[in-house]
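Here is the structure we will look at, set down as structure tokens.
The values are calculated or read from the model by the stated rules, or taken from the named source; none is laboratory data. Remember, predicted model here, so these are calculated numbers, not experimental data. Cβ placement follows ideal geometry from the backbone for every residue including glycine, while neighbour counts extend to all protein chains displayed.
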Amino acid sequence: MTEPTTLSYEVSDGVAVITLRRPQQLNAMNSAMRAEIVHAFGRFDRDPDARVAILTGEGRAFCAGADLKEMADTSFGAPPPSSIPHLGRTFHVSKPTIAQVNGVAFAGGFLLAQMCDLCTASTEAEFGLTEVRWGRGAPWATPLIWMLPQRVMMEMLVTGQPVKAHRLHELGFINRIAPPERLGEETMALARVIVANAPLGVKAGRELTYMATEMGRTAAFPVGDYCFEQAYRSEDALEGPRAFREKRAPRWQGR
């Protein structure tokens, strides 16, 4: 793929930062950005220097959703699932992801925040399933039933009204909330905590969380054993206790 035109990809100290860069359009997703988001996450998954990815937006918006002007120009009807960048459905990664929501996250922008494993947000951020206001839909919002109370999800879907970051933080949708000037620092601190941990344990914890949402309590126990078996059998499982005994930082090998 040629050099991206709607986003950037940068890696430092194990953290990849993917920044949406259409600030004049509030980072609305056009066809180019949709393709480049998928490519950027694929690059992250293959990148041996990146252990966590942060997705954010340039300017005063995270992402205002789909580019409605492009939709009008192309008479874009019902989108097939493959046309929307939907982590965990249309493409997959094996490492943790964090949505750093610096401004509005509406419609498809809400999807980008929902699809990441964790979410941080500015105190000024707003979230909304605004599709109902423009005759569109949000079929991808189904997983919200495991992330928000039913009546909150229902209200967001049928009113299209935005919800403040503070409210979604109270409800557990947002992991960390910070003033705009400190959001990047807060998100990077969270990412670095993850980077410092044993890679196989992080991978297993991520897998267990998603697999547990698919089953009941009893069925989830053997799934937990399965997810962590590789971590327990690894060299890192011996390195951790040794590092504790020797009062030093662990030297993880990921095997």
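Of note:
- Residue list for the range 182-206, restricted to those being without any contact (Cβ under 8 Å) to a residue 12 or more places away in the chain and more than 29 Å from Asp225 (Cβ to Cβ): Arg182, Glu185, Ala189
- Tabulated pairs, the range 115-132, first within 19 Å of Val202 (Cα to Cα), second among the acidic types (Asp, Glu) and assigned to a helix (DSSP H, G or I), C-beta under 9 angstrom, 6+ apart or interchain: Thr120/Glu186
- Test result for Phe91, at pLDDT 85 or above and aromatic (Phe, Trp, Tyr): yes
- Only listed residue being surrounded by 13 or more Cβ atoms within 10 Å (Cβ to Cβ), modelled with pLDDT under 90 and over 25 Å from Ala249 (Cβ atoms), chosen from Ala237, Ala220, Ala178, Ala231: Ala220
- Of the listed requirements (1) farther than 16 Å from Ile98 by Cβ; (2) at pLDDT 95 or above; (3) not in a loop (DSSP other than H, G, I, E, B), Glu124 misses just one: (3).
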